[in-house]
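Take a look at the structure below.
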Amino acid sequence: MAFTHNFEIGEIVTLKSHPLFREHSKIIEFSTQVPPLMIVKEIFYEDEKKKKIFNEELGADFQIADLIKYNCVYFNSNKSEFIEVTLYESVLKSYKDLKYYKEVKKKEETKFIDDKLLIAEVVGYSSIDVYKFGKVVQFKTKKLEQRKPYDGNSEKITNNSSQTPDFVLSGIKNENIIDGFYPDGNPKKVFSKQLYKIVWFNHFQQKFSEQYLPKEFFVENIPFS
């Protein structure tokens, strides 16, 4: 059993239905309807001998599952907490294909220009490999979520439901996975080897929250321009 996965640990992904995959279009959906940008936490390889990936009644032309799936993490800003969800590879797409647009007005004409610099900036992010207690860091999706271009209807953008606050490093540990291999020695999953603990103010519960997450999720505290 040898699988080749499309996304790596720490990579930003989202549902293929994300509106910013459309050509030359701002977001017309309500902000709460836009799929969140997620980060891959773990990669799972299904046992191909046991997994049923096609509809038994309709046959092999009707796929209903993948042999590869991902445990992804996103931030719910309404409840100020991280959410984990497991999704099949076929329903996901890389953030590198998102299209961010900015308006350029010349005389009486308005054009939308592809803002390629933003994606290039995020691609160039480096993970924080040197841990320092008390360091302020950002979730890798923060700037992408903050820059989502809406169609200008203020009622649609009152709730940017996936944007994160900044976080403070408050702990570190190595990840220990039990039962990570199949009997034939092939891996069941790929995971981060080291986790950082972060702390933030949880406005929903009016308290300070902490959580361990892969170090690949975080980047330097980048100024917003």
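The values are calculated or read from the model by the stated rules, or taken from the named source; none is laboratory data. From a predicted model like this one, the values you see are computed outputs, not experimental measurements. When we count neighbours, we look across all protein chains shown, and the Cβ atoms used for this are built from the backbone with ideal geometry, even at glycine.
Sort out which residues of region 137-151 are more than 12 Å from residue 221 (Cβ to Cβ) and of a type in the set (A, V, I, L, M), and write them in order of number. Answer for region 137-151, where residues must be more than 12 Å from residue 221 (Cβ to Cβ) and of a type in the set (A, V, I, L, M): just 144. Of the strands (runs of 3 or more DSSP E) lying entirely inside region 1-85, those carrying at least 1 residues that are more than 18 Å from the chain's Cα centre (by Cα) are 38-45, 59-63. Inspection of region 12-20 finds no residue satisfying the criterion of being of a type in the set (S, T, N, Q), in contact (Cβ under 8 Å) with a residue 24 or more places away in the chain and farther than 27 Å from residue 149 by Cα. For region 170-225, a tally of residues being at pLDDT 95 or above and among the acidic types (Asp, Glu) returns 2. The single condition among (1) modelled with pLDDT under 95; (2) within 26 Å of residue 183 (Cα to Cα); (3) loosely packed, with under 15 Cβ neighbours inside 10 Å that residue 67 does not satisfy is (3). Kindly indicate whether any position in region 14-29 is surrounded by 15 or more Cβ atoms within 10 Å (Cβ to Cβ) and acidic (Asp, Glu). Scanning region 14-29 turns up no residue that is surrounded by 15 or more Cβ atoms within 10 Å (Cβ to Cβ) and acidic (Asp, Glu).
Taken over region 208-220, the criterion of being exposed (fewer than 14 other Cβ atoms within 10 Å of the Cβ) and within 19 Å of residue 146 (Cβ to Cβ) is satisfied by 220 alone. Among the residues of region 31-52, those identified as exposed (fewer than 14 other Cβ atoms within 10 Å of the Cβ) and more than 20 Å from residue 14 (Cα to Cα) are 47, 48, 49, 50, 51, 52.
Of all residues in region 181-207, those that are part of a loop (DSSP other than H, G, I, E, B) and surrounded by 12 or more Cβ atoms within 10 Å (Cβ to Cβ) total 7. Restricting attention to region 168-195, the residues being of a type in the set (S, T, N, Q) and in contact (Cβ under 8 Å) with a residue 60 or more places away in the chain number 2. Inspection of region 97-118 finds no residue satisfying the criterion of being at pLDDT 95 or above, crowded, with 17+ Cβ neighbours inside 10 Å and among the aromatic types (Phe, Trp, Tyr). Residue pairs whose Cβ atoms lie under 8 Å apart, sitting 6 or more positions apart in sequence or on different chains, and linking a residue in region 203-217 that is under 18 Å from residue 163 (Cβ atoms) to a partner that is among the aromatic types (Phe, Trp, Tyr) and exposed (fewer than 15 other Cβ atoms within 10 Å of the Cβ), are 209/201. When the test is whether a residue is in contact with a strand residue (DSSP E or B) (Cβ under 7 Å, 6 or more places away or on another chain), surrounded by 15 or more Cβ atoms within 10 Å (Cβ to Cβ), aromatic (Phe, Trp, Tyr) and touching a residue at least 24 places away in the same chain (Cβ under 8 Å), residue 88 does not pass it.
Candidates in region 119-161 are the residues that are of a type in the set (Lys, Arg) and modelled with pLDDT of 85 or more; of these, the one that is surrounded by the most Cβ atoms within 10 Å (Cβ to Cβ) is 142.
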